[in-house]
Each structure stands twice: as structure tokens, then as C-alpha cells.
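**Student:** Following this message is one structure expressed as C-alpha cells.
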Amino acid sequence: MAETHSLLIWCPLKEMKACDFRATQSTPKPKAALEILKQTAKVYTPAIFKLFEEEVLQTLNCDLFYCGDDGAEKVYKTRLHGKHHEHTVKFSPLESIVICSCKKFEFAGILCSHALKILDVNNIKYVPKNYILKRWTVDAKVLHISSMCNIHEDPKVKISNRYSTLCRIFNRIAVRASQSDEAYFISTKNAENLAEEIEKILKIRSESDLDNSCIPQGTYFLSHNYDPSS
Ligand SMILES: [Zn+2]
């Protein structure tokens with residue numbers, strides 16, 4: 001997401017007009033050379049990929065117990081090594097349907113470590129198509145920045161336009177991100193990183209380069225004291 005926000009800030013307006021803003025412009029580097037990570041690094045947004053990657057690595061901590069099958073469906077129990085709490089995972093090989101009792105997919109939109117463990121032991125080294133939600137992919141247009149950009153040379157008008165555009169962008173994000181705990185968590189986490197990044201950028205510029213008198217009221221959320229959870 002850091003790359004996303006950098007693009008937002010620095011991409012020249014002409015280029016922004018030439019392309020739709022997408023959730024990512026670079027593919028994250030997986031922590032391990034696993035097929036499932038290579039696949040998802042290309043399709044998931046960086047923030048979602050990071051969460052998914054943790055689930056994949058967590059499969060190594062899962063103990064697995066095969067409970068049998070009824071012909072079409074295999075049933076497993078999984079639990080974290082050394083823990084007692086179990087989850088039941090049902091897997092239909094023909095349809096590549098995997099359902100876990102923890103309901104992480106239903107809640108967060110990514111497969112849990114339990115379901116991924118079952119896919120792995122069944123030699124499925126990729127996420128089945130039906131478990132890659134469009135809204136978490138880099139192909140999903142999350143914002144239409146290009147339509148919001150106006151080239152204007154007057155510095156004060158430029159700042160005012162930028163401010164208006166940013167208000168619209170972050171308002172849209174707030175509306176969407178408030179719909180779920182997961183989206184809210186990702187948003188607040190990235191807001192902290194974004195605020196830090198912006199502060200670094202602004203510090204690099206000399207004081208004389210900044211025309212503070214043109215900064216509209218309401219931009220103080222970028223200060224170091226900003227608490228996105230408040
Ligand atoms: Zn699960």
C-alpha cells in the first residue's frame with residue numbers, strides 16, 4: 001500500500017490521466033518460493049497478499065487429522081500444534097470446494113491456514129479461482145483518480161484542488177473500510193504508514209518551499225500525533 005500512496009502523491013498528473021489508478025503497481029516478493037505465493041503475489045493487492053502469506057506460512061504450524069469421507073467430501077480436523085482448539089475442514093476434490101469452521105474466508109475473503117493446509121495435502125498448490133475475490137485483486141479498480149485530476153498551474157489553486165481530491169478519495173475509503181473489521185484494520189494500519197511517509201516527504205522539502213498559508217484547515221491529521229483509531 002505504501003507504493004500505492006506514493007503513486008497517488010508523486011505520479012505526474014498527465015500520467016495519472018493516462019492510466020486508471022490501480023491497487024498496486026508492483027508485485028510483492030514472496031517470503032518463500034512457493035507456487036501458491038507466486039500465484040497470489042500477482043493477483044492480490046500487496047496488503048491482502050501480506051495477510052494471505054501469513055496464512056500460508058501458518059499452515060506449517062497446523063496439525064492435521066483425517067476423519068474420513070462420504071464419497072464426495074473429505075473431512076479433516078486441524079489445530080495449531082500444541083493447542084487444543086480444533087477446526088473442521090471439509091474438502092470436495094471434484095469442485096475444489098474447501099470449507100473451514102473458522103469461517104475466515106466468509107469473514108475476511110481470504111482462505112485460512114486450515115483450508116490451505118487441506119489444499120496442500122491434496123496436492124493443490126494454488127488458490128482455486130472461486131476463492132480469489134475480485135475486490136482483493138490488483139485488477140479491481142478501487143478509485144478513479146484520473147477523473148479527479150485537473151492540471152492547474154496556479155500553486156494555490158493546485159493545493160486547493162489536491163486537497164479536494166484527497167478528501168474525496170479518503171472519504172470513499174472510509175465509507176468502504178468501515179464495512180468490516182478486516183478492512184478497517186488494513187485502513188488504519190496503512191493510514192499510519194502513509195502519515196509517516198508524508199511527514200518524511202514534507203521534511204525533505206525546505207521550509208521556504210512550503211506555503212503553509214495555502215494548506216486548508218483539516219489537514220492536521222497528518223501530524224505525528226494522529227491516531228487513526230480515535
Ligand atoms: Zn479455518
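**Student:** Do we find a residue being within 30 Å of LEU202 (Cβ to Cβ), outside the structural domain of ALA115 (by TED's automatic domain parsing), surrounded by fewer than 12 Cβ atoms within 10 Å (Cβ to Cβ) and modelled with pLDDT under 90 anywhere in the range 2-10?
**Tutor:** Within the range 2-10 (the criterion being within 30 Å of LEU202 (Cβ to Cβ), outside the structural domain of ALA115 (by TED's automatic domain parsing), surrounded by fewer than 12 Cβ atoms within 10 Å (Cβ to Cβ) and modelled with pLDDT under 90), the answer is yes, since at least one residue qualifies.
**Student:** Let me ask something else. So which of LEU133, LEU80 ends up being more than 24 Å from ASN190 (Cβ to Cβ) and surrounded by 14 or more Cβ atoms within 10 Å (Cβ to Cβ)?
**Tutor:** Within the list LEU133, LEU80, the selection yields LEU80.
**Student:** State all residues of the range 169-203 that are under 14 Å from the mean Cα position of the chain (by Cα), over 13 Å from ALA47 (Cβ atoms) and of a type outside the set (Gly, Ala, Ser); if no residue qualifies, say none.
**Tutor:** Answer for the range 169-203, where residues must be under 14 Å from the mean Cα position of the chain (by Cα), over 13 Å from ALA47 (Cβ atoms) and of a type outside the set (Gly, Ala, Ser): ARG176, ASP181.
**Student:** Any idea which of LYS77, LYS50 is more than 18 Å from ILE132 (Cα to Cα) and not acidic (Asp, Glu)?
**Tutor:** From the options LYS77, LYS50, the qualifying one is LYS77.
**Student:** While we're looking at this one, here's another question. Name the pairs: first residue in the range 94-113 and in the same structural domain as LEU51 (by TED's automatic domain parsing) and within 15 Å of PHE52 (Cα to Cα), second residue of a type in the set (Lys, Arg) and within 10 Å of the ligand (Cβ to nearest atom), Cβ to Cβ under 6 Å, at least 6 apart or on different chains?
**Tutor:** These pairs meet every condition: CYS112/LYS104.
**Student:** Just a yes or no: is a residue in the range 100-123 under 16 Å from TYR76 (Cβ atoms) and part of a strand (DSSP E or B)?
**Tutor:** Yes, because at least one residue in the range 100-123 is under 16 Å from TYR76 (Cβ atoms) and part of a strand (DSSP E or B).
**Student:** Tell me, which residue of the range 67-99 that is more than 11 Å from the ligand (Cβ to nearest atom) and among the acidic types (Asp, Glu) is nearest to LEU111 (Cα to Cα)?
**Tutor:** Among residues in the range 67-99 that are more than 11 Å from the ligand (Cβ to nearest atom) and among the acidic types (Asp, Glu), the one nearest to LEU111 (Cα to Cα) is GLU95.
**Student:** Shifting gears a bit: Out of all the residues in the range 109-122, which are hydrophobic (A, V, I, L, M, F, W, C) and either surrounded by 21 or more Cβ atoms within 10 Å (Cβ to Cβ) or within 9 Å of the ligand (Cβ to nearest atom) (or both)?
**Tutor:** Answer for the range 109-122, where residues must be hydrophobic (A, V, I, L, M, F, W, C) and either surrounded by 21 or more Cβ atoms within 10 Å (Cβ to Cβ) or within 9 Å of the ligand (Cβ to nearest atom) (or both): ILE110, LEU111, CYS112, ALA115, LEU116, ILE118, LEU119.
**Student:** Does the range 32-43 include one or more residues that are assigned to a helix (DSSP H, G or I), under 26 Å from ALA177 (Cβ atoms), acidic (Asp, Glu) and at pLDDT 95 or above?
**Tutor:** no
**Student:** Can you tell me which condition LYS141 does not meet? The list is (1) basic (Lys, Arg); (2) out of contact with any helix residue (DSSP H, G or I) (no Cβ under 8 Å at 6 or more places or on another chain); (3) exposed (fewer than 14 other Cβ atoms within 10 Å of the Cβ); (4) at pLDDT 75 or above, and all the others hold.
**Tutor:** Against the list (1) basic (Lys, Arg); (2) out of contact with any helix residue (DSSP H, G or I) (no Cβ under 8 Å at 6 or more places or on another chain); (3) exposed (fewer than 14 other Cβ atoms within 10 Å of the Cβ); (4) at pLDDT 75 or above, LYS141 comes up short only on (4).
The values are calculated or read from the model by the stated rules, or taken from the named source; none is laboratory data. Because the structure is a prediction, the values reported are computed rather than measured. Glycine gets a Cβ as well: all are built from the backbone with ideal geometry, and neighbour counts include every protein chain shown.
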